[in-house]
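Student: Got a structure here, written out as structure tokens. Questions coming.
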Amino acid sequence: MKDENEIAEVEQRDVVVIGGGPAGSTAATLVARGGHDVLLLDREQFPRFRVGESLMPATYWTLERLGLLDRMKASNFPRKHSVRFYSRSGRAGAPFYFSEVESHESAATWQVDREPFDSMLLDNARSAGVEVRLGANVKDVRLDDGRARGLTIEDEQGRVRRIDSRVIVDASGQTTFLSRKLGLKEVDPELRHVSYFTRYRGARLDTGIDAGGTLILPTRESRSWFWFIPLPEKMVSIGVVMPIDFVSQARPGNPQSVYDEELKLCPVLEERLAAAEQVGPVQVLRDFSYISRRIAGDGWVLAGDAFGFLDPIYSTGVFLALKSGEFAADSILEAFREQDFSAKSLGRHGAEYLAGMEAMRKLVYAYYAPSFSVARFLQEHPQFRDDVVNLLVGNVFRQPPRGLFEAMQSHVDLPPSRELTPPEGQG
């Protein structure tokens, strides 16, 4: 990288957002609508492929605030009314219908193709007045005495620019730019998984209201599970998730062979794919769950996967990205009103956001516990069914569960809730 004497240009912005995915686009849009000068940077060009196609119903409220509901309703994205879990023997459980706890139209959500979906969010940011600059590689974030003052970027032509700003939003996804730079990232040792995924055309779908539902299908050995997510144009996203140690120690081979071997352990899924055609190669992604010890510092805030990532079993990814972008935007807008860009001010939403994320993490732990079954638990404790469905909806902020995990704790070991490290001088 060129030194500062070779920097071609210095810019001044109110807010710079690193990353144009759902978290970054959401934060940028809402801050720009609040009257501030926002620059969004992404090193990639759009549209670009991303896995993580299944939305939770609670994304409705952020999409409504972004003004995107009409476009979503007019899209060809399949409607998702439920999620259904299979047993390892291949028996289908009863679907969890989101309408059990929601009478509003938000009870039905969407299965999205991320390329047009993410592009729609980014175009919406542009419409709000955000300057979007693609092909811009962030080389460094400048910290003076711990306070973020700006960053240095390099464009596709190799030109280097320095950008000064009041606030930096790191929405860099699993790159976790600032969290890695500051040594804040912590991997969950119990949720170190890897996913192998591809798409098929012509798979057998359920019918009627169940046609767009997500299916979760464990393999016979219960060391892995498949997702089945209907997409537009008769496509289906299908991936398998398994412990990274299981892959590295016992399953050498190319991604396609590992995927095919796991598929043989899931006959009910094989049957659905009997007449289908695989479209594209099998891809691999590390699904390590992790979190940053802090969500904000002086002059910076983390959003989406740049703050934390949770195992994909309950399709929390886009929901948490949208919600964290919304939370971050509100904290930034309040910081501008108060002219206070401290860690405490920019991270005012941290405890609430983390509490919602931790609720979903406990449900993830319950799913992976070998001796625990949510279905059996609900047979014994039917009074908690609405709480479980609310979690599957994503109502962790609107209707936090009360008493559910205390009851579960007598059946399965759940992790203690994590807390954020207080800002320096606040502990």
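Student: Give me the residue from the stretch 400-417 that is surrounded by 15 or more Cβ atoms within 10 Å (Cβ to Cβ) and not in a helix (DSSP H, G or I) and, out of that set, modelled with the lowest pLDDT.
Tutor: Pro400
Student: Look through the stretch 275-329, keep the residues that are basic (Lys, Arg) and not in a loop (DSSP other than H, G, I, E, B), and return whichever of them is modelled with the lowest pLDDT. It would help to see each step written out before you state the result.
Tutor: So in the stretch 275-329, the residues basic (Lys, Arg) come out as 286, 293-294, 323.
Next cut, not in a loop (DSSP other than H, G, I, E, B) only: 286, 323.
Working: Arg286: 91, Lys323: 98.
Per the stated criteria, the residue is Arg286.
Student: Still on this structure, please answer the following. Are any of the residues in the stretch 96-113 among the hydroxyl-bearing types (Ser, Thr, Tyr), surrounded by fewer than 17 Cβ atoms within 10 Å (Cβ to Cβ) and under 17 Å from the mean Cα position of the chain (by Cα)?
Tutor: no
Student: Any idea which of (1) in the same structural domain as Leu205 (by TED's automatic domain parsing); (2) on the phi > 0 side of the Ramachandran plot is the one Gly299 doesn't satisfy?
Tutor: (1)
Student: Mind listing whichever residues of the stretch 239-274 are in contact with a helix residue (DSSP H, G or I) (Cβ under 9 Å, 6 or more places away or on another chain), outside any strand (DSSP E or B) and either at pLDDT 95 or above or closer than 20 Å to Ser222 by Cα (or both)?
Tutor: Val247, Arg251, Pro252, Val258, Leu263, Lys264, Leu269, Glu270, Leu273
Student: Additional query: Name the residues in the stretch 121-140 that are closer than 13 Å to Ile163 by Cα and of a type in the set (S, T, N, Q), would you? Quick ask: steps written out before the conclusion?
Tutor: In the first step, residues of the stretch 121-140 are kept if they are closer than 13 Å to Ile163 by Cα; the result is 133, 136-140.
Asn137 - this is the single residue of the stretch 121-140 that is closer than 13 Å to Ile163 by Cα and of a type in the set (S, T, N, Q).
Student: Residue under question is Arg376, and the condition is that it be outside any loop (DSSP other than H, G, I, E, B) and loosely packed, with under 15 Cβ neighbours inside 10 Å; does it hold?
Tutor: On the way: outside any loop (DSSP other than H, G, I, E, B): yes; loosely packed, with under 15 Cβ neighbours inside 10 Å: yes.
Yes.
Student: Let me ask something else about it. Every residue in the stretch 175-195 that is in a strand (DSSP E or B) and touching a Ser or Thr at 6+ places or on another chain (Cβ under 9 Å), please. Explain how you work it out, then say what you get.
Tutor: So in the stretch 175-195, the residues in a strand (DSSP E or B) come out as 185-195.
Answer for the stretch 175-195, where residues must be in a strand (DSSP E or B) and touching a Ser or Thr at 6+ places or on another chain (Cβ under 9 Å): Lys185, Glu186, Val187, Asp188, Glu190, Leu191, Arg192, His193, Val194.
The values are calculated or read from the model by the stated rules, or taken from the named source; none is laboratory data. Just so we're clear, the structure is a prediction, and the values are computed from it rather than from any experiment. A quick note on method: Cβ atoms are made from the backbone with ideal geometry, for glycine too, and the neighbour counts reach across all protein chains shown.
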